[in-house]
Amino acid sequence: MINPGVVTLASLNGFEYVNFPYRFCVEDNIGESIHIHFKDIRLDLSVEDFKALADKAEGIIDKLVDAPGFEARRLDRTILLGLSAQLPYLTRVRIEKIRLEDILVDTFDEHGRPMTASLKHSRVLKALYGDTKENDEHRVQFNYFRRGSCERITNRERIRYNLEQIREHGYPYGDELIGLWANHVIFDGQHRAACLYYLYGNIDVPVQIFEFSNTQGPEIVTPPPFEEPKPQPQTQPQPQNTAAKGGWFKPKHHKHNALVRSWRKLGRIIGISKHKNR
């Protein structure tokens, strides 16, 4: 079969959270095989072999991360990749129940300033309630979900998918728990948390809280009271000098100066005529 195309399944190149110096990507060569590229090496695998390798890799990650309670399968794969630089500092992961309103999210206030707030102020939750003002010129939303793969979807599709999954399967589904930093700022599962709040209100849900030795999580941001910009004092426009720069006459006396020039020119003509008549 002729290979009709190549689809990038995953790539570390250009991923801002992982400063990986070499080429590393996984490609689906349709009709051929799965290719894993590392530097100048290419590994060809069938779909079955690739799935088996991925499962083995997940087990290897669990053994490399020496932290009680950590299981790679409980994290979204994109989130796991984004956390990879922090995993050496992970001390433990604890699972506990928490009220949804006690979960903190990074969001923006009505003036477009970054802030940390309760889940009930989540932009995802406001979208579920039909608040279209959340996408004004100050708070334009960008969807980074699986942006480096063929599975990229829109914000609307992502919210609808999570809502349907929770309605059909409940929470948690597939052992993937909402992930929080130690200071309760969410880093994985804001869409699921917002859907749960939308469907059931402020209930208790199991979450996994990650504790690191080098950080408690992102800084809690509380913007100061907003002050309307003070109107600038109106200044009177200064009169512009429209005279040619470098001229020998002043604009206010241009009529006088023009008369002077005429008399000088006439004087030169008379002088030349007298000289010729001598």
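We did not get these values from a lab; they are worked out from the coordinates using the rules stated. If you're wondering where the values come from, they're calculated on a predicted model, not measured in any experiment. Here the Cβ is made from the backbone with ideal geometry for all residues, glycine too, and neighbour counts use every protein chain on show.
Could you give the length gained by full extension between Asn29 and Arg160, i.e. 0.36 nm per residue of separation minus their alpha carbon distance, to one decimal place?
Numbers: separation 131, 0.36 × 131 = 47.16 nm, distance 3.03 nm.
Gain on extension, Asn29 to Arg160, equals 44.1 nm.
Starting from 0.36 nm per residue, how many nanometres of slack lie between Tyr22 and Glu168 once their C-alpha separation is accounted for? Numbers along the way, then the final one.
Values: separation 146, 0.36 × 146 = 52.56 nm, distance 4.17 nm.
My answer for the length gained is 48.4 nm.
Relative to the current alpha-carbon distance between Lys97 and Glu227, full extension at 0.36 nm per residue lengthens the span by 42.9 nm. Each of Ile159, Ile178 has some number of other Cβ atoms within 10 Å of its Cβ, and from fewest to most they run Ile159, Ile178. Counted over segment 59-108 with a bin width of 5 Å, the fraction of Cα pairs per bin, in whole percents, is 4, 16, 24, 22, 18, 10, 4, 1. If you take the square roots of the eigenvalues of the alpha-carbon gyration tensor of segment 1-107 and sort them as a ≥ b ≥ c, do you get rounded (a/c under 1.5), prolate (a/b over b/c) or oblate? In terms of gyration-tensor shape, prolate.
How long are the semi-axes of the ellipsoid equivalent to segment 1-64, from square roots of 5 times the Cα gyration tensor eigenvalues, in whole Å, largest first?
On the way: eigenvalues 94, 59, 18 Å².
Three semi-axes, in Å: 22, 17, 9.
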